[in-house]
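Colleague: Quick one: the structure is below, and I'll ask about it shortly.
The values are calculated or read from the model by the stated rules, or taken from the named source; none is laboratory data. Nothing here was measured: the structure is a model prediction, and the numbers come from that model. Note that we place each Cβ from the backbone using ideal geometry, even for glycine, and neighbour counts take in every protein chain shown. Just so you know, the surface numbers come from the protein's heavy atoms only, side chains and all, with ligands and any DNA or RNA stripped out. Shrake-Rupley method; radii C 1.70, N 1.55, O 1.52, S 1.80 Å.
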Amino acid sequence: MRWWDIAPVLELEGELFPEDAWSAGMFWSELAHARGPAANRRYLVAERDGRLVGYGGLAAVDGTGDIQTIATARDQWGSGLGARLLTELLSAATAFECAEVLLEVRVDNTRAQRLYERFGFEPIGFRRGYYQPGNVDALVMRRTTESPSESPADSAPEPADEAPSSPPPAQGNRTHG
């Protein structure tokens with residue numbers, strides 16, 4: 001993700017999370033930690049036909065990764081894009097030498113919970129009233145380095161690199177950081 005991605009990310013964020021969408025300032029703050037020798041964030045976006053259709057972000061501190069955000073456009077649900085974004089974020093956690101990765105997910109978002117479970121995340125607790133202003137609880141999930149990765153039968157193609165020599169993924173989505 002780059003600064004020029006913030007406007008389309010905010011548009012998608014507002015569509016998907018109208019009550020508790022991140023602000024531009026929150027994304028700017030995260031991106032400030034994503035570059036340079038002390039970088040401890042990885043943010044990426046996915047595009048299809050020139051349109052931003054997904055994004056995700058990971059923070060890494062002291063051997064623990066935290067999936068900060070991950071989202072796909074509604075017309076991409078069921079396409080495997082969420083799995084590709086999560087795969088890339090987990091690769092970043094490995095590069096940051098994280099022994100575990102945590103995330104919070106709305107208790108009413110069973111679609112996302114199933115995705116995380118496929119990747120070896122396990123529930124470890126709740127954060128009451130975490131999502132405001134709706135006062136919705138969050139399920140806290142964790143994946144350790146010993147957790148199984150997604151089974152090959154469930155795997156989606158890896159996201160394409162930005163390198164010009166890389167062929168685009170079959171669905172026409174591409175991701176970049």
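Colleague: Quick test for you: out of ALA170, ALA153, ALA163, pick the one residue that is touching a Pro at 6+ places or on another chain (Cβ under 7 Å), of a type in the set (A, V, I, L, M) and modelled with pLDDT under 60. Break it down stepwise before answering.
Modeller: On the way: ALA153 fails: touching a Pro at 6+ places or on another chain (Cβ under 7 Å); ALA163 fails: touching a Pro at 6+ places or on another chain (Cβ under 7 Å).
So the residue among ALA170, ALA153, ALA163 that is touching a Pro at 6+ places or on another chain (Cβ under 7 Å), of a type in the set (A, V, I, L, M) and modelled with pLDDT under 60 is ALA170.
Colleague: Okay, moving on. Among what's in the stretch 70-123 and is part of a helix (DSSP H, G or I) and of a type in the set (D, E, K, R), pick the residue that is least open to solvent (accessible area, probe 1.4 Å).
Modeller: Start the filter on the stretch 70-123 by keeping residues that are part of a helix (DSSP H, G or I), which leaves 74-76, 81-95, 110-118.
Cutting the leftovers down to of a type in the set (D, E, K, R) gives us 74-75, 84, 88, 111, 114, 117-118.
Numbers: ARG74: 129, ASP75: 99, ARG84: 5, GLU88: 43, ARG111: 125, ARG114: 136, GLU117: 97, ARG118: 97 Å².
Checking each candidate, the answer is ARG84.
Colleague: Could you list, in sequence order, all residues of the stretch 55-101 that are on the phi > 0 side of the Ramachandran plot and either aromatic (Phe, Trp, Tyr) or under 12 Å from the mean Cα position of the chain (by Cα) (or both)?
Modeller: none
Colleague: Now a separate question. Kindly provide the set of residues from the stretch 30-60 that are assigned to a strand (DSSP E or B), over 11 Å from ALA93 (Cβ atoms) and open to solvent by 50 Å² or more (accessible area, probe 1.4 Å), ordered by number. It would help to see each step written out before you state the result.
Modeller: Restricting attention to the stretch 30-60, the residues satisfying the condition of being assigned to a strand (DSSP E or B) are 41-48, 51-60.
Subsequent filtering for residues that are over 11 Å from ALA93 (Cβ atoms) retains 41, 43-48, 51-57.
Result: ARG48, ARG51.
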